[in-house]
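First comes the structure, then the notes that go with it.
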Amino acid sequence: MLTIDERTKCTAMDLIKYVQEKFVESKEFPSFAAGDTITVYYQIREGEKTRTQFFRGDVLQRSGSGTTETFTIRKMSGNTGVERIFPVNMPNLEKIEVNKRGKVRRARIFYQRERTGKSARIKERRG
């Protein structure tokens with residue numbers, strides 16, 4: 001038998017899910033996973049003007065689920081690694097393009113941070 005606290009907790013979680021499904025608009029993006037090379041196009045507002053900028057790199061991880069899902073992308077800018085975390089439901093996201101499907105054996109490939117040069121390459125998935 002559920003106690004009063006457990007019943008209210010379940011209904012509170014259901015309410016949160018209901019509100020998120022109703023009021024947070026979700027966009028359709030192509031499926032991608034860790035190891036894939038993707039390009040993310042997002043809007044930047046500078047004063048009155050808005051412009052579209054892109055960020056292209058390897059997906060290190062996807063975490064969360066539903067409206068709180070995020071993904072981390074890493075690219076090399078010169079000799080410096082740059083990582084950026086994007087929420088999937090960010091309103092400024094315009095589109096995501098999958099450039100290359102990578103073949104990795106893990107869901108989180110943080111070992112890429114220490115690698116440079118040829119060892120940092122990710123094999124391409126066939127078919």
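The values are calculated or read from the model by the stated rules, or taken from the named source; none is laboratory data. Keep in mind it's a predicted model, so treat the numbers as computed, not measured. Here the Cβ is made from the backbone with ideal geometry for all residues, glycine too, and neighbour counts use every protein chain on show.
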Any residue in region 101-127 that is more than 19 Å from Arg62 (Cα to Cα) and surrounded by fewer than 12 Cβ atoms within 10 Å (Cβ to Cβ) sitting within a Cβ distance under 9 Å of a residue that is of a type in the set (S, T, N, Q) and at pLDDT below 95? List the pairs, counting only those 6 or more apart or interchain. Thr116/Asn79
In region 73-99, the residues that are touching a Gly at 6+ places or on another chain (Cβ under 9 Å) and either modelled with pLDDT of 95 or more or surrounded by fewer than 16 Cβ atoms within 10 Å (Cβ to Cβ) (or both): Ile73, Arg74, Lys75, Met76, Val82, Glu83, Arg84, Pro87
Within region 16-44, restricting attention to residues that are of a type in the set (A, V, I, L, M) and surrounded by 11 or more Cβ atoms within 10 Å (Cβ to Cβ), which residue is nearest to Val104 (Cα to Cα)? Ala34
Given the conditions (1) over 12 Å from the mean Cα position of the chain (by Cα); (2) on the phi < 0 side of the Ramachandran plot; (3) of a type outside the set (A, V, I, L, M), report the number of the one that Arg74 does not fulfil. (1)
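Conditions tested, residue by residue: (1) closer than 21 Å to Phe29 by Cα; (2) not in a strand (DSSP E or B).
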| site | (1), (2) |
| --- | --- |
| Lys75 | yes, no |
| Arg84 | yes, no |
| Pro91 | yes, yes |
| Glu97 | yes, no |
| Arg106 | no, yes |
| Arg113 | no, yes |
| Ser119 | no, yes |
| Ile122 | no, yes |
What residue, among those in region 46-73 that are assigned to a strand (DSSP E or B), charged (D, E, K, R) and touching a residue at least 12 places away in the same chain (Cβ under 8 Å), is nearest to Ile96 (Cα to Cα)? Arg56
Just to be sure I understand the filter: pairs with C-beta atoms under 7 Å, separated by 6 or more residues or on different chains, first member in region 5-33 and charged (D, E, K, R) and assigned to a helix (DSSP H, G or I), second member at pLDDT 75 or above and loosely packed, with under 12 Cβ neighbours inside 10 Å. Which pairs pass? none
Every residue from region 58-72 that is among the polar types (S, T, N, Q) and surrounded by 14 or more Cβ atoms within 10 Å (Cβ to Cβ): Gln61, Thr67, Thr70, Thr72
